[in-house]
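So the structure is just underneath, and the comments pick up after that.
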Amino acid sequence: MQGIFTIILLILSNIFMTFAWYGHLKLQEMKISTSWPLLLVILFSWGIAFFEYCAQVPANRIGFNGNGGPFNLMQLKVIQEVISLTVFTLIVTLLFKGESLQWNHFVAFGCLILAVFFVFLK
């Protein structure tokens, strides 16, 4: 159960992370933040990133085998990276104009699946 809870928190964290890192670009595309000074954009992103950390830190604590969780640090990191790229890809292809998946993206995802396989190999 700790593994599932960890993954759910990592997904939530990465949704916030993607919006913190790239949400201001969508706001700019929608002509909402075009006149914002850079400092305001940074503060806006930090505000969203706070919620990222509110999910990321507990996910790592719960999932880490040193705290009784099912994953070692390498496994946690690879899981986080796969979730990060998956969430990013979904959000970008759904919300941003002109962004689409190409064949090389699918090959890259295949490599990520291999990374997960190898990091869990005993």
- Message: Which of the numbered conditions does Leu73 fail, given that it passes all the others? Conditions: (1) of a type outside the set (S, T, N, Q); (2) within 21 Å of Val116 (Cβ to Cβ); (3) over 18 Å from the mean Cα position of the chain (by Cα).
- Response: (3)
- Task: Give the residues of region 25-83 that are among the polar types (S, T, N, Q) and touching a helix residue (DSSP H, G or I) at 6+ places or on another chain (Cβ under 8 Å), sorted by residue number.
- Result: Ser33, Thr34, Ser45, Gln56, Asn60, Asn67, Asn72, Gln75, Gln80
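Read the figures in this text as sums done on the coordinates, not as results from a lab. Predicted model only: the values in this text are computed from it and were never measured. With ideal geometry, Cβ positions are generated from the backbone for all residues, glycine too; neighbour counts draw on all protein chains shown.
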